[in-house]
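Only one structure is covered here, and it is reproduced in the block below.
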Amino acid sequence: MRILVIEDEPQLARHVTSALTRHGHVASARFDGLTGLQAALDERPDLVVLDLNLPSLDGLSLLSRLRASASTARVLILTARGDVEHRVKGLNAGADDYLAKPFSLDELVARVEALGRRGSTPTAADLLKVADLQMDVQTRKVSRAGKLVALSPREFDVLQVLMQEPGRVFSRTELCERVWQRDHEYDTRTVEIFITRLRKKVDSTFSVPLIHTLRSVGYTVRATA
């Protein structure tokens, strides 16, 4: 993968890019928010490793601008602020995962490679459809009633799992394991955030919702309430 590391500590950035390079990725680094954003827009990396505490432009603002540009790069945020509030803000801004400092390079590489896998569950169907919601797995495009729905890579992954088995109810833990390929310590909040993001994009402008919550059970995609 082509990976852009945006981190204001040059030594840490070098360690991260070296570790990623040793694992076969093409990694480069930027050390402030504005140059990092420009590199992300110009170079169109597959994945961005993003520190939140950056000079010139903070990480959350950078992430918001990146998502507003319709970038499909996956984003792993790094933060010394390991509290839930900052994790949630990063995920709401469009991040796909996070890693709190201090961290091991082995864990960072594992998270990056998990994010880089296009789909956590193989499917024989290239085209998934529930009512007027359609997903092309190969091109990673989603539309509803013929109108393109712009999703982040992680939003796509969550929706793909749900659409592969319409009507089946997935618990938060199972969604976390299927999409992130491990059981997160913050699985409940993470899945709720991504379902909320999907509802805004898939259901908010339509009278018939397709994404449903079964209280205390989980989530499903189906045409009926």
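The values are calculated or read from the model by the stated rules, or taken from the named source; none is laboratory data. Since this is a predicted model, take the numbers as computed values, not measurements. In this analysis, Cβ positions are derived from the backbone assuming ideal geometry, glycine residues included, and neighbour counts consider all displayed protein chains.
Filtering region 45-75 to residues that are without any contact (Cβ under 8 Å) to a residue 40 or more places away in the chain, touching a strand residue (DSSP E or B) at 6+ places or on another chain (Cβ under 9 Å) and either of a type outside the set (A, V, I, L, M, F, W, C) or not assigned by TED's automatic domain parsing to the domain that holds H25 (or both) leaves only S71.
Please verify whether region 85-97 includes one or more residues that are part of a loop (DSSP other than H, G, I, E, B) and of a type outside the set (A, V, I, L, M, F, W, C).
Here is the first cut: in region 85-97, the ones part of a loop (DSSP other than H, G, I, E, B) are 93-96.
When the remaining residues are screened for being of a type outside the set (A, V, I, L, M, F, W, C), the result is 94, 96.
Yes, that holds for at least one residue.
Filtered by the rule that a residue be touching a strand residue (DSSP E or B) at 6+ places or on another chain (Cβ under 8 Å), in contact (Cβ under 8 Å) with a residue 40 or more places away in the chain and charged (D, E, K, R), region 133-169 gives R144, R154, R168. Selection of region 125-155 for residues being part of a loop (DSSP other than H, G, I, E, B) and not acidic (D, E) yields A125, A131, V137, Q138, T139, R140, A145, G146, A150, L151, S152.
With respect to the stated conditions, V109 fails to be touching a helix residue (DSSP H, G or I) at 6+ places or on another chain (Cβ under 8 Å) and at pLDDT 95 or above. Condition check for D97 on (1) surrounded by 13 or more Cβ atoms within 10 Å (Cβ to Cβ); (2) within 22 Å of T196 (Cβ to Cβ); (3) modelled with pLDDT under 85; (4) in contact with a Lys or Arg (Cβ under 9 Å, 6 or more places away or on another chain): one failure, at (3).
Checking the condition at pLDDT below 85, within 15 Å of the chain's Cα centre (by Cα) and basic (K, R), which residue from R140, R118 passes? Full working, then the answer.
Details: R140 fails: at pLDDT below 85.
Selected residue: R118, the only one of R140, R118 that is at pLDDT below 85, within 15 Å of the chain's Cα centre (by Cα) and basic (K, R).
If you go through region 25-36 and pick out every residue that is at pLDDT 95 or above and in contact with a Lys or Arg (Cβ under 6 Å, 6 or more places away or on another chain), you end up with 1. When every residue of region 62-80 is checked against the conditions, none turns out to be surrounded by fewer than 17 Cβ atoms within 10 Å (Cβ to Cβ), more than 30 Å from P166 (Cα to Cα) and of a type in the set (V, I, T). Among residues of region 178-213 being more than 22 Å from R67 (Cβ to Cβ) and under 14 Å from the mean Cα position of the chain (by Cα), the one that is modelled with the highest pLDDT is R178.
Being among the acidic types (D, E) and assigned to a strand (DSSP E or B) is the filter here, so list the residues in region 30-53 that pass it.
To start, the set of residues in region 30-53 that are among the acidic types (D, E) comprises 32, 42-43, 46, 51.
Within region 30-53, just D51 meets the criteria.
Among L62, L57, which is the only one that is of a type outside the set (F, W, Y) and part of a helix (DSSP H, G or I)? Before the answer, list the steps.
Details: L57 fails: part of a helix (DSSP H, G or I).
That would be L62, the only listed residue that is of a type outside the set (F, W, Y) and part of a helix (DSSP H, G or I).
Taking residues in region 182-197 that are of a type in the set (F, W, Y), and partners anywhere that are outside any loop (DSSP other than H, G, I, E, B) and at pLDDT 90 or above, the pairs with Cβ atoms closer than 7 Å and at least 6 places apart or on different chains are F194/E155; F194/V158.
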